[in-house]
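Participant: Take this structure first; my questions come after.
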Amino acid sequence: MSSKFISRIAALLMLSLSPTLPALAQQNGTDLGRNFSGLQLRGDKPIAIESNQLDVDDRNNVATFSGNVSVKQGDVQLRSGKLIVYYKRDAKKAGGPQTSPASTPGALPGGSSQIDRLEATEKVYVKSSNQVATADKAQFDMAKKLVTLTGNVVLTQGDNVAEGCRLTIQMNTGVARLESQSCGKASNGRVRLMLTPGQNGSSSGN
């Protein structure tokens, strides 16, 4: 099975949905990699993080934000109950522990501004333009350029809805995969897709 075939949500969902859906999905232009490529955070752009509390383990380069966590980067917004930030320490700025507010627009503890990866848990909500994703957990791996959402994943764009257990998006290629067998449930869970004819996630009068 080619990567091109897998990258198209219609072709991917062909494995678990009725045979008529792929044609409908192609008609609507529904493509996970393309339509939901905006749901990602990058390590090379300014990022603002706010929360009720911030705990820093500067020795291990870990910052834990908890309580009404809000993340903003450009058009992307992320909300969760908890966010763990793994950052790269600047070799030129080694030093002892530092105190930091629970809000940071660009710099992390230790003077670092390089994020290695983010792990969000507790009712994760990600929004970019008209693209929305919810899940139990989300991980943004800046080094691998990989976004992973797990647990009760729901994607919406306009009236189109896709549901599964695990979503992965390659940031650099836009290739995405939505899976249904990663929830740990002893069931015949399947990926679900609801498409609205003529709806491509954008409100167009034509």
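Participant: Which numbered condition trips up LYS88, out of (1) more than 19 Å from the chain's Cα centre (by Cα); (2) modelled with pLDDT of 90 or more; (3) within 16 Å of MET142 (Cβ to Cβ); (4) not polar (S, T, N, Q)?
Facilitator: Every condition holds for LYS88 apart from (2).
Participant: Within the stretch 50-58, identify whether any single residue is of a type outside the set (Val, Ile, Thr), at pLDDT 90 or above and not in a strand (DSSP E or B), and answer yes or no.
Facilitator: So the first thing to find is which residues in the stretch 50-58 are of a type outside the set (Val, Ile, Thr), and the list is 50-55, 57-58.
Imposing the further condition that a residue be at pLDDT 90 or above reduces the set to 50-55, 57.
Of the ones still in play, those that are also not in a strand (DSSP E or B) are 51-52.
Yes, because at least one residue in the stretch 50-58 is of a type outside the set (Val, Ile, Thr), at pLDDT 90 or above and not in a strand (DSSP E or B).
Participant: Select from the stretch 104-156 the residues that are basic (Lys, Arg) and within 19 Å of SER66 (Cα to Cα) and write down the one among them that is modelled with the lowest pLDDT. Let's see the steps before the verdict.
Facilitator: Of all residues in the stretch 104-156, those basic (Lys, Arg) come to 117, 123, 127, 137, 144-145.
Still in the list and also within 19 Å of SER66 (Cα to Cα): 117, 123, 137.
Working: ARG117: 88, LYS123: 93, LYS137: 96.
Here the residue is ARG117.
The values are calculated or read from the model by the stated rules, or taken from the named source; none is laboratory data. Everything numeric in this text was worked out from a predicted model, so none of it was measured. Counting neighbours? That spans all protein chains shown, and the Cβs are built from the backbone with ideal geometry, glycine included.
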